[in-house]
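Computed from the coordinates by the stated procedures, all read-outs in this text should not be read as laboratory data. Since the structure is predicted, the reported quantities are computational estimates derived from the model, not experimental observations. All Cβ positions, glycine included, derive from the backbone under ideal geometry; neighbour counts span all protein chains shown.
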Amino acid sequence: MPAKEELRLPSWLRPQIGKADQISEVQQIIKQRGIHTICEEGRCPNRAECYAQKTATFLLMGPTCTRACGFCQVDKGHQPMPLDPDEPRKVAEAVNLLGLDYVVLTSVARDDLADQGASVFVETIAAIRQARPHAKIEVLTPDFRGDRRWVAMVAEAMPVCYNHNIETVRRLQGKVRRGAKYERSLSVLAMVKEVNPSIITKSGLMVGHGETVAELTEAMQDLLAIGCSSLTIGQYLRPSLEHLPVQKYWTPDEFDELGAIAKNIGFAHVRSGALVRSSYHASDMIEVNG
């Protein structure tokens, strides 16, 4: 393990704590229904802040992923759990109890399913709209192996935003995103715009794997070229010694620089900061994109 991994995290990487009673309320609603959030399964550094604001990003189709990305904390390496046919209703009920006006739905990759899980997104969107009609819904999907049928199925359900993370620069894809491909991820976002140009498309980059500013800029330009208008940039944090080591902790000034580059080359909405994650303050994007 590199010596720098033994150092304490820089001060700017210390997340907010949040009040225990506010955090417990959200956890209770989630656990009572046997559903999952990426906040918990991915050990998001912002979960306390988000829970205190009574929001969460729902993780569909169980907590076990069929991929084995080198950066991700989500459980993997064994048989995923069977789908819960009642999951859409349970998620919708949780959304209503939390009083959410903006909902983010994500999922593990489910390469074991015939439709890669696309129908679960659609069913959950429908259930939320029935329970809380005015709520806006953002999806953060896996790549569905680049199958246009399943990307189109989710896009046709008309989420306000379709997010798919490219995660890292072209050179580092094989090392960081096992089972995923750079061009395939770009194609997913391009397909969404072909299905419905009015849907906002969004993607995310995490730094700290050894990428350069030039490589990050190239990735931004590739995303812009296929109509992606929203971007998040955050610091990779190593979940355990079994995961990829951090090559660099980018400073707040460097995140500001990356954010400025993204804005200057044409992104309508950018969030760039050490603790920024895909769904962090996600609803802010709507005002910017219209």
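Of the GluC sites (Glu not before Pro) in region 152-240, which ones lie in a loop per DSSP and count no more than 15 other C-beta atoms within 10 Å?
Hits after loop and neighbour filter: Glu156.
Rounded to the nearest 0.05, what FRET efficiency is calculated for Asp111 and Glu25 with R0 set to 35 Å and r the Cβ-Cβ distance?
E(calc), rounded to 0.05, equals 0.50.
Would you order Asp84, Asp112 from fewest to most other beta-carbon atoms within 10 Å of each residue's own beta-carbon?
The most exposed by this proxy come first: Asp112, Asp84.
Can you work out the FRET efficiency for the pair Asp101 and Leu224, with r the C-beta to C-beta distance and R0 = 35 Å, to the nearest 0.05?
It comes to 0.75.
Which of the three applies to region 132-290, rounded, prolate or oblate, going by the alpha-carbon gyration tensor with a ≥ b ≥ c and a/c under 1.5 meaning rounded?
Numbers: a/c = 1.67, a/b = 1.36, b/c = 1.23.
Cα axes put region 132-290 in the prolate bin.
Please compare each pair in Lys181/Lys263; Lys90/Lys181; Lys181/Lys248 to a cut-off of 27 Å on the Cα-Cα distance and tell me which ones are over it.
Lys90/Lys181
Need one number: nm distance between label points at Arg129 and Lys181, each 7 Å from Cα along Cα→Cβ, rounded to one decimal.
Each label point lies 7 Å from its Cα, and together they span 3.2 nm.
Just to confirm my numbers, what's the Cα centroid distance between region 89-146 and region 178-194 in Å?
For region 89-146 versus region 178-194, the Cα centre distance is 20 Å.
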